[in-house]
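The values are calculated or read from the model by the stated rules, or taken from the named source; none is laboratory data. Computed from a predicted model, the values in this text were never measured in an experiment. Ideal geometry is used to build each Cβ from the backbone, glycine not excepted, and the neighbour counts take in all protein chains shown.
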Amino acid sequence: MIRNIHPDMLAAAVERIRRVARQQGPRRGLTPPRVLPVHTLLVPAERLQANSALYVGRAAMYMVHTYASDCVVLWRALRLPGWEALPTESARVDELLLRLDAGDAELATRWPEAVLAHEVYRRTMHRLNHRPVQDLRIDFQDTVTLSDAEVDAIAVGVVDCLRQDISADVLPAKLGIRIGSLQPGAAERTLRVLDVVLSELAVRVEVPDGLMISVTGVTSPEAVGVLVQMLAHLEQQCTLRKGSLRLELAIDRAECVLSEDGRIRLRELLSAARGRCDAVWIHTDALAHRYGVGVAHLVRDLACLAVAGTPVQISAGLSEPMPSFTHGEISTSAQRSEQFAEVHTLWRGEARRILDQLEAGVPWGWDVDPGKLPVRLAATMAHGRLTWASRMRELARALRAALAEPAASPEVLVEGQAHLEAVLRWLDCGALGEAELDAAGLDAQDIASRSFQVIMDRRRS
């Protein structure tokens, strides 16, 4: 066999490749995520009140009771998978609901769509009754036109609301503040909002560990560096744990993701965040308004590519508010019929959008109206209930592959963590429960670890 590469030269080349791989490691960090939300509720700072999550849940429950009083109505309204198989005649619907409530085992094989609709409806209502908001974002974005005194008063009011919620233990699992834009004309006000809110929190109550700081209009690594420096300074001044203030980049323009010379700028922004950035939110509506729908989707896809293999979570879209009439009483039968049709049409469009995002690998979105929360939960839970079994199989396959070798490859660890996070997301939002986890061979310690690495190590021991 004729060869022109000396074995020593070949060995040196292979060692160089391996050394670079060791230095880079897997892009996805193996730090276990605490909570993987499926939605963020955006509340204007000036409208925040104590126990906002409770009022949001009540408003969402009102919407369900008014416009989708049972699982059949909701499932058909949202056009969720299998909706055509559900009955429309009142007598048949009533009979089906009685059988579902009685736990008729025959329905599981003869009418699986109805069983799924009933289970998702039950879980949605439970979630609306118990901690309906997974992630709350207090929005100071629109305070840019107010005076410093007005912003200070709003900040004090926000801190007072949070103080009451912390005392009552009703804060959502994740909490954040959208401080505004870092574009030159707004940067001073944005950083002042950050300073006032955190300083007031630190003095009057406490700054929740892991508080998310959301900022828009970031187009340069230098701006991210400035914000990271400010966060580190505030942590020191407010005696917070180093790195406890987390960062979320809101993408509302193409240059946040792609540079003029074709580089994926978002990676540079993430590098400039020095490990602080936990999330990227794609404002697809603003992008669509500025560039068109096609470019908006392209920016979203490029952002997904930029964060692939990293611990950064990605979300996209901002749902529009529901019509004003949904917040009041329905007076006449004619109005009732017309308003039912309008609400169901809006819900259906939102459900389609949510499912499209889930299929695109973006399982997280922002909501501004409690009336959209039932749709968010029902559509997400339906997707989770339909896909969790395949995810569990992939997770089991990755675990077998990891255990088959003395040392699991970085690729297997990344793949396993990705499948685990999908399962954890369905668990956190209420789509799955103990029964599904038991069937998949996962126990409470596995779930508590939230780490594929830990699960693998436990299986080895």
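Among the residues of the range 58-79, those identified as over 24 Å from F140 (Cβ atoms) and among the small types (G, A, S) are A60, A68, S69, A77. Name the pairs: first residue in the range 212-238 and within 17 Å of G180 (Cβ to Cβ) and in contact (Cβ under 8 Å) with a residue 40 or more places away in the chain, second residue buried (at least 16 other Cβ atoms within 10 Å of the Cβ) and of a type in the set (S, T, Y), Cβ to Cβ under 6 Å, at least 6 apart or on different chains? That search, which allows pairs on different chains as well, returns T216/S181. If you filter the range 393-424 down to residues that are closer than 15 Å to A440 by Cβ and of a type in the set (A, V, I, L, M), you find that the one that is surrounded by the fewest Cβ atoms within 10 Å (Cβ to Cβ) is A396.
Here the range 24-54 is the region considered, the condition is being at pLDDT below 75 and of a type in the set (G, A, S), and the residue that is nearest to E350 (Cα to Cα) is G29. Of all the listed residues (W83, W111), the sole one being over 31 Å from the mean Cα position of the chain (by Cα) and surrounded by 13 or more Cβ atoms within 10 Å (Cβ to Cβ) is W111.
Restricting the range 269-278 to residues that are outside any helix (DSSP H, G or I) and touching a helix residue (DSSP H, G or I) at 6+ places or on another chain (Cβ under 9 Å), the residue that is farthest from L175 (Cα to Cα) is R274. Here L346 fulfils each of the conditions (1) at pLDDT below 90; (2) outside any loop (DSSP other than H, G, I, E, B); (3) over 15 Å from the mean Cα position of the chain (by Cα) apart from (1). Residues in the range 364-380 that are touching a helix residue (DSSP H, G or I) at 6+ places or on another chain (Cβ under 7 Å) and closer than 22 Å to Y55 by Cβ: G365, D367, P370, G371, K372, L373, P374, V375, R376, L377, A378, T380. Which pairs do you get when a residue that is not assigned by TED's automatic domain parsing to the domain that holds A396, found in the range 439-453, comes within reach of a residue that is in a helix (DSSP H, G or I), reach meaning Cβ atoms under 7 angstrom, with the pair 6+ apart or on two chains? Final answer for the pair search is none.
Any chance the range 342-359 includes a residue that's touching a residue at least 60 places away in the same chain (Cβ under 8 Å), within 30 Å of A45 (Cβ to Cβ) and among the acidic types (D, E)? Checking the range 342-359: not a single residue is touching a residue at least 60 places away in the same chain (Cβ under 8 Å), within 30 Å of A45 (Cβ to Cβ) and among the acidic types (D, E).
Every residue, every condition in (1) of a type in the set (A, V, I, L, M); (2) touching an Asp or Glu at 6+ places or on another chain (Cβ under 7 Å), yes or no:
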site	(1), (2)
V224	yes, no
Q236	no, no
R246	no, yes
S271	no, no
R274	no, no
H289	no, no
D301	no, no
T310	no, no
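Every condition in (1) over 28 Å from C304 (Cβ atoms); (2) assigned to a loop (DSSP other than H, G, I, E, B); (3) in contact (Cβ under 8 Å) with a residue 40 or more places away in the chain; (4) aliphatic (A, V, I, L, M) holds for V207 except the one numbered (3). Does any residue of the range 157-165 turn out to be touching a residue at least 60 places away in the same chain (Cβ under 8 Å), of a type in the set (D, E) and buried (at least 21 other Cβ atoms within 10 Å of the Cβ)? So far as the range 157-165 goes, yes, one or more of its residues are touching a residue at least 60 places away in the same chain (Cβ under 8 Å), of a type in the set (D, E) and buried (at least 21 other Cβ atoms within 10 Å of the Cβ).
Residues of the range 182-222 that are surrounded by fewer than 19 Cβ atoms within 10 Å (Cβ to Cβ), among the small types (G, A, S) and within 24 Å of L266 (Cα to Cα): G185, A186, A187, G210, S220.
Checking Q357, Q453 one by one, the residue that is among the polar types (S, T, N, Q), out of contact with any helix residue (DSSP H, G or I) (no Cβ under 8 Å at 6 or more places or on another chain), within 19 Å of Q313 (Cβ to Cβ) and part of a helix (DSSP H, G or I) is Q357 and no other. From the list L240, L266, L247, the one residue that fits, being assigned to a loop (DSSP other than H, G, I, E, B) and modelled with pLDDT of 90 or more, is L240. For the range 247-266, a tally of residues being surrounded by fewer than 17 Cβ atoms within 10 Å (Cβ to Cβ) and either within 22 Å of A232 (Cβ to Cβ) or of a type in the set (A, V, I, L, M) (or both) returns 1. Residues that are part of a helix (DSSP H, G or I) and basic (K, R) are absent from the range 135-150. Scanning the range 128-143 for residues that are surrounded by 15 or more Cβ atoms within 10 Å (Cβ to Cβ) and farther than 22 Å from L424 by Cβ yields I138, D139, F140, Q141, T143.
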